[in-house]
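Asks: Below is one structure. I have some questions about it.
The values are calculated or read from the model by the stated rules, or taken from the named source; none is laboratory data. Just so you know, these numbers come straight off a predicted model, no measurement behind them. Cβ sites come from the backbone with ideal geometry, for glycine too, and all protein chains shown count toward neighbours. Each accessible area value is taken on the protein alone, full model and side chains, heavy atoms only, with ligands, DNA and RNA left out. Shrake-Rupley method; radii C 1.70, N 1.55, O 1.52, S 1.80 Å.
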Amino acid sequence: MLENDQLCVSTPHATMSGSVVTAVTCRVFRAPVTTGVAMSFGALGYRVMFLVDVSFDDGTLSTGETWVNYPSWGWRERVATVTEGVAPLLVGRSFTDTAEVHELLLSSLTRVARQWGAIGPVYQAISAIDQAFWLRAATERGVSLSALLSDNPLTEIPVYGSSLGPSRVDESAERCLELGLTAAKVKLGFGRERDEENLSSARRMLGEEFRLFGDANQGWTPDEAIAMAPLLRDFGVEWIEEPVTGDRPEQLGHVFGETGIPVATGENLYGADAFEPYLALPGVTIVQPDVGKVGGVTEYQRVVAAAEASGTFVAPHLYNGAYSTAISVQLAAANPTTPWLEWDIRQNPVREPVDHLLTSTGTVRVPHAAGIGVDIDLSHLSAHLVHLSEEAQ
């Protein structure tokens with residue numbers, strides 16, 4: 001998927017001053033889940049925010065966030081990848097263009113990643129570094145990331161609640177209403193009976209005008225997905241995310257051909273080129289790159305360009321901490337083909353520093369300060385900071 005087809009879009013880039021990288025370090029925050037978070041493939045025990053800090057000889061520091069939600073030990077692997085694989089490539093060098101950094105990391109790490117069988121973790125690590133350099137480029141210009149990427153960024157973005165189920169759907173639905181949301185996504189793939197109960201509860205609590213989406217987290221076979229279609233239509237589900245195990249393009253195309261229900265996918269794709277076969281499918285109307293997975297801002301923007309050319313919406317996957325959330329807001333604001341932003345409705349301590357961006361009318365306010373757009377204060381998370389020297393380094 002990474003090596004067959006390539007998107008015919010250029011690599012976006014931004015210039016910056018050539019300060020020398022003096023250090024690449026990690027910070028990990030882990031807060032126990034108290035309200036229950038489950039997908040069709042397993043439960044989430046901790047909210048994790050993994051930050052990568054890039055320090056420069058001019059005394060500045062720039063930060064990105066990588067995705068480490070699964071498996072539970074994933075953050076330990078990421079520490080080693082960043083400190084032993086990424087840092088030696090950057091420390092002691094100066095870079096004047098984001099593309100220069102991105103190309104160095106891809107050319108140095110993706111081949112060994114394929115031998116390792118860990119293309120995902122490597123792209124996830126690269127994602128945080130790429131974010132950090134893009135934010136540095138924006139900060140040096142005194143503009144937000146969205147203003148760096150767009151001449152006319154949005155000031156507000158609609159959101160949908162993510163995600164209702166697989167248990168206590170009534171409570172989750174009530175939370176959506178309290179937040180002023182007008183759309184939400186229901187977790188599916190837990191058996192037909194339970195899925196039907198959850199869809200029924202969501203529709204009953206939220207009303208007929210509330211927009212509902214579905215997410216199976218690759219929990220169905222193609223036949224199961226097709227068999228679920230009448231139920232999804234009965235409850236007014238507008239699109240289904242990752243309906244099929246393995247997420248194969250030809251199977252997604254078959255499911256859409258048999259059901260007519262639009263498909264969303266992309267959170268588990270690495271590198272923009274991997275999106276090419278999905279963008280060619282008429283049934284995939286929404287792609288969902290995750291800036292902490294796909295390869296950072298660089299690859300995310302390549303997906304945006306390719307999706308715009310094919311008439312496909314881009315709605316970023318977002319189930320992370322404060323930095324990924326703030327960066328995703330900036331990217332969504334810069335992209336006219338983004339109809340809404342995903343917003344996890346459950347308590348998430350590592351996202352709380354930016355929770356104030358959510359308005360009472362079902363939108364997110366786009367901050368426009370330099371770089372990431374907003375001041376992120378992590379002082380209240382000190383109890384959740386992992387001491388890496390003892391745990392993993």
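Asks: Does Val28 satisfy the criteria of being over 30 Å from Lys187 (Cβ atoms), at pLDDT 95 or above and open to solvent by less than 10 Å² (accessible area, probe 1.4 Å)?
Replies: It is false that Val28 is over 30 Å from Lys187 (Cβ atoms), at pLDDT 95 or above and open to solvent by less than 10 Å² (accessible area, probe 1.4 Å).
Asks: State yes or no: is Leu252 assigned to a helix (DSSP H, G or I) and either of a type outside the set (Phe, Trp, Tyr) or surrounded by fewer than 24 Cβ atoms within 10 Å (Cβ to Cβ) (or both)?
Replies: Yes, satisfied.
Asks: Pairs under 6 Å by beta carbon, first residue of a type in the set (Val, Ile, Thr) in the range 237-257, partner open to solvent by 20 Å² or more (accessible area, probe 1.4 Å) and part of a loop (DSSP other than H, G, I, E, B), six or more apart or different chains?
Replies: Thr245/Gln218
Asks: Inspect the range 281-301 for any residue being assigned to a helix (DSSP H, G or I), closer than 19 Å to Pro12 by Cα and hydroxyl-bearing (Ser, Thr, Tyr) and give the result as yes or no.
Replies: yes
Asks: Look at the range 328-360 and say how many of its residues are among the acidic types (Asp, Glu), at pLDDT 95 or above and open to solvent by less than 10 Å² (accessible area, probe 1.4 Å).
Replies: 1
Asks: Then there's this: Collect the residues in the range 359-376 that are in a strand (DSSP E or B), closer than 10 Å to Val329 by Cβ and not β-branched (Val, Ile, Thr), keeping them in residue-number order.
Replies: Selection gives Arg365 alone.
Asks: Could you list, in sequence order, the residues of the range 371-383 that are in contact with a helix residue (DSSP H, G or I) (Cβ under 7 Å, 6 or more places away or on another chain) and either open to solvent by 50 Å² or more (accessible area, probe 1.4 Å) or under 16 Å from Ile157 (Cβ atoms) (or both)?
Replies: Residues satisfying the conditions are Ile372, Gly373, Val374, Asp377.
Asks: For the range 6-25, enumerate the residues that are open to solvent by 50 Å² or more (accessible area, probe 1.4 Å), in a loop (DSSP other than H, G, I, E, B) and closer than 25 Å to Phe95 by Cβ.
Replies: Gln6, Ser10, Thr11, His13
Asks: List every residue pair whose Cβ atoms lie under 6 Å apart, where the two residues are 6 or more positions apart in sequence or sit on different chains, the first residue falls within the range 182-195 and is among the aliphatic types (A, V, I, L, M), and the second residue, located anywhere, is open to solvent by 10 Å² or more (accessible area, probe 1.4 Å) and modelled with pLDDT of 95 or more.
Replies: Ala183/Arg211; Val186/Asn198
Asks: Suppose we filter the range 191-247 for residues that are open to solvent by less than 20 Å² (accessible area, probe 1.4 Å) and among the charged types (D, E, K, R); how many remain?
Replies: Selection size over the range 191-247: 5.
Asks: Then there is this: Go through the range 65-108 and report how many residues are acidic (Asp, Glu), assigned to a strand (DSSP E or B) and under 22 Å from the mean Cα position of the chain (by Cα).
Replies: 1
Asks: Next question, about the same structure. Could you say which residue among Asp247, Asp170 is part of a loop (DSSP other than H, G, I, E, B) and more than 17 Å from Trp340 (Cβ to Cβ)?
Replies: Selected residue: Asp247, the only one of Asp247, Asp170 that is part of a loop (DSSP other than H, G, I, E, B) and more than 17 Å from Trp340 (Cβ to Cβ).
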